[in-house]
1. Of the residues 59, 55, 49, which single one is among the hydrophobic types (A, V, I, L, M, F, W, C) and over 17 Å from residue 25 (Cα atoms)?
2. In this structure, does residue 67 turn out to be touching a residue at least 12 places away in the same chain (Cβ under 8 Å) and part of a loop (DSSP other than H, G, I, E, B)?
3. Return the residues of the stretch 66-78 that are touching a helix residue (DSSP H, G or I) at 6+ places or on another chain (Cβ under 7 Å) and surrounded by fewer than 21 Cβ atoms within 10 Å (Cβ to Cβ); say none if nothing qualifies.
4. Tally the residues that are more than 15 Å from the chain's Cα centre (by Cα) and part of a loop (DSSP other than H, G, I, E, B), restricting the search to the stretch 99-134.
5. Suppose we keep only residues that are in contact with a Leu (Cβ under 8 Å, 6 or more places away or on another chain) and at pLDDT below 85 within the stretch 22-42. Which one would you say is nearest to residue 143 (Cα to Cα)?
Amino acid sequence: MLILINITITVATFLSMEFIAWFTHKYVMHGWLWFLHKDHHKPHNESFFEKNDYFFLIFAVPGITSIYFGWHNNFSSIFYVGLGITLYGFAYFLIHDLFIHQRIRVIRNTNNAYLKAIRRAHKVHHKHLGKEDGESFGMLWVSYKYFKEAKRNTA
């Protein structure tokens, strides 16, 4: 029974991170921390790294801290919260940095409608170079209109 509870905590945390990422992207990255996120919306960056990469650290700290304290407390539930946060961060890295932005060119083309929808939604988000008038702030959950468009282009 305990393993089911731990799996549930991990999955619930992972799913909750999508809302937290959406909220943070819309109201913090495009708000008071725009100075860190702004270079991510520039057409061409001079360097492999961006100021926007600091958000990796900002999101990693709660995950790592939760794993550390949960581990040292006999794998308490806080460990599984940290695991969910960390797994979301890994998924975010795979989708955002490798698949969408091709920062390391490993995941390139796909005929998968879900991945095409995510890529399209992110492209629409980046058409706005300023911090206002943005749309599609999520990562793994995007509007149905992008799925319909992706299915049309996949068929």
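The values are calculated or read from the model by the stated rules, or taken from the named source; none is laboratory data. Note that the coordinates shown come from a computational prediction; the quantities given were computed from them, not determined experimentally. Positions of Cβ are generated from backbone atoms using ideal geometry, with glycine treated the same way; all protein chains shown enter the neighbour counts.
1. 49
2. Spelling it out, it is not the case that residue 67 is touching a residue at least 12 places away in the same chain (Cβ under 8 Å) and part of a loop (DSSP other than H, G, I, E, B).
3. Hits for the stretch 66-78 are 67, 69, 70, 71, 76, 77, 78.
4. Final tally of qualifying residues: 17.
5. 41
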